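> For reference, the structure I am asking about is given below.
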Amino acid sequence: MKFLYPFAKRFIAGPDIKTAVPAIRKIQQSGYFTSIDILGESVSTRQQAEDAKIEYLKLCESLDSIDHSFDFSIKLSQLGLDIDRKFCTDNLKQLAQAMGNHTIRLDMEGSAHTQHTLEICEEVHRTHPHIGQAIQAYLLRSEDDVRRFIENGISLRLCKGAYKEPTDIALQSMDEIRANFLKLAYQLLKEGHQPSIATHDENLLVKLLDFITQEKIEPESFYFEMLYGVRRDLQKILKEKGYRVRIYTPYGKAWLPYTLRRLVEKKENLLFVITHLFRETLGLRKLH
């Protein structure tokens with residue numbers, strides 16, 4: 001499957017730290033912020049979880065030369081959640097201690113991990129307040145989770161949600177998902193703690209920008225977040241409008257499953273990539 005790498009490298013910062021750090025530095029120097037994800041998840045041994053933790057520590061050390069704070073995106077299954085919850089939590093606490101000058105955002109995974117992930121985030125946040133959480137707008141439970149996390153002072157990243165979930169857990173139609181995304185985004189913009197609003201959906205962005213203007217939301221109180229290599233034209237427009245734009249920047253040897261999962265989990269994802277590459281290339285956009 002190496003023939004897919006030329007396609008995949010559009011969406012990842014490289015296969016290792018050596019290639020990723022220069023890419024991250026370039027993003028920062030261009031006036032963007034970064035949320036860095038070391039690709040990989042669902043480890044099956046304690047050693048694999050230790051290796052993932054060590055990789056994050058090495059990355060943090062490698063970035064010390066860059067005079068900037070970073071956001072690290074971490075999947076708890078990568079730290080051993082499927083092996084032992086306490087073992088995973090201890091690994092996260094060690095990373096939180098080492099990354100005290102940076103923020104950490106726990107990525108959301110499939111619904112089997114949702115409750116554990118949220119509980120661990122709340123637990124670790126009590127002693128490490130730079131820990132934040134991703135929230136998926138399509139989950140039926142997310143409205144309650146957002147309210148609770150705002151009350152607890154925990155920073156959130158709001159995304160639509162990419163995993164295929166059943167109807168008793170998640171909204172299914174894109175119209176419903178978009179409506180709930182906007183509802184939660186408005187709440188976070190007004191009441192949240194440095195939230196990240198993660199979307200490339202121009203229809204949503206237009207409505208969000210109108211809301212931000214009407215409600216006089218300060219640009220320094222939130223981030224827009226987008227994927228590395230996706231709709232760079234929109235990233236640039238938002239940055240030039242004076243908004244903080246954070247680029248979700250993955251790297252690592254597990255680039256193939258990351259790329260394939262984004263394309264095959266939902267048919268909308270493949271259409272999303274093709275459409276946005278087309279729109280970026282031709283300059284078709286609604287934001288000006």
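Please treat every number below as a calculation from the coordinates, not as lab data. In this text, all values refer to a predicted model and were calculated from it rather than measured experimentally. All Cβ positions, even for glycine, are placed from backbone atoms using ideal geometry, and neighbour counts span all protein chains on display.
> Give me the distance between the Cα centres of segment 212-247 and segment 178-206, rounded to whole Å.
Using only Cα atoms to place each centre, the spacing works out to 11 Å.
> Let me spell out the model: positive unit charges on the Cβ of Lys and Arg, negative unit charges on the Cβ of Asp and Glu, origin at the Cα centre of segment 11-143. What dipole size does that give, in debye rounded to 20?
140 debye
> Any idea how far apart Lys18 and Ala112 come out in nm if each label point goes 7 Å out from Cα toward Cβ?
Taking the two extended label points, one gets 3.6 nm.
> With labels modelled as points extended 7 Å from the Cα through the Cβ direction, what inter-label distance (nm, one decimal) is found for Arg46 paired with Lys239?
Those two pseudo-labels are separated by 4.4 nm.
> Averaging sequence separations of C-alpha pairs under 8 Å and six or more residues apart, then dividing by the length of the chain, give the relative contact order as a whole percent. Each step should come with its number before you reach the end.
On the way: 444 pairs, mean separation 64.5, N = 288.
With pairs under 8 Å counted, the relative contact order is 22 percent.
> Place +1 on the Cβ of every Lys and Arg and -1 on the Cβ of every Asp and Glu in segment 2-282, take the dipole about the Cα centre, and give the residue among Phe224, Gly80, Thr249 whose Cα lies farthest towards its positive end.
In segment 2-282, that residue is Thr249.
> Could you give P(r) for segment 43-110, binned at 10 Å from zero, as whole percent values over all Cα-Cα pairs?
Bin by bin from 0 Å, the calculated values are 21, 54, 21, 3.
> What does the charge dipole of the chain about its Cα centre add up to, to the nearest 20 debye, if the Cβ of each Lys and Arg holds +1 and the Cβ of each Asp and Glu holds -1?
Using Cβ point charges on Lys, Arg, Asp and Glu, the chain gives about 960 debye.
> Work from the charge dipole of segment 2-282 (Cβ charges, +1 for Lys and Arg, -1 for Asp and Glu, about the Cα centre) and give the residue of Leu189, Ile24, Leu208 farthest towards its positive end.
The residue sitting farthest along the positive end of the dipole is Ile24.
> If you add up the charges near Pro15, with Lys and Arg at +1 and Asp and Glu at -1, over every other residue whose beta carbon is less than 13 angstrom from its beta carbon, what do you get?
Summing Lys/Arg as +1 and Asp/Glu as -1 gives +2.
> Along the Cα-to-Cβ line of Glu122, 7 Å from the Cα, sits a label point; which residues in segment 137-174 have backbone N less than 17 Å from it?
140-157
> Among rounded, prolate and oblate, which fits segment 118-231 when a ≥ b ≥ c are the square roots of the eigenvalues of its C-alpha gyration tensor, a/c under 1.5 means rounded, and a/b larger than b/c means prolate?
oblate
> Continuing with the same structure: Alpha carbons only, please: Rg and Dmax for the chain, in angstrom.
17.9, 51
> Counting only DSSP beta bridges with both residues in the chain, what percent are antiparallel, rounded to the nearest 5?
On the way: 1 of 30 bridges.
The answer is about 5 percent antiparallel.
> Further question on the same structure: Sequence neighbours fewer than 8 away in the same chain don't count; with that in mind, list the lysines whose C-alpha is under 20 Å from Lys183.
Lys160, Lys207, Lys216
> Okay, which of segment 185-224 sit inside 14 Å, backbone N to the point 7 Å along the Cα-Cβ direction of Arg147?
Answer for segment 185-224: 187-188.
> Same structure, new question: Around His113, what is the net charge, scoring Lys/Arg as +1 and Asp/Glu as -1 over all other residues with Cβ under 9 Å from its Cβ? Could the numbers behind the result be given before it?
Numbers: positive: Lys75; negative: Asp82, Glu109.
Residues close to His113 contribute a combined charge of -1.
> On to the next question. Multiplying the sequence separation of Lys286 and His68 by 0.36 nm and subtracting their Cα-Cα distance, what value in nm do you get?
Extra length available between Lys286 and His68 comes to 75.3 nm.
> Describe numerically, in nm with one decimal, the distance between label points set 7 Å from Cα along Cα→Cβ at Leu57 and at Glu218.
Between Leu57 and Glu218, the label points sit 3.7 nm apart.
> Between segment 34-97 and segment 131-155, what's the alpha-carbon centroid distance in Å?
Measuring centre to centre over Cα atoms gives 21 Å.
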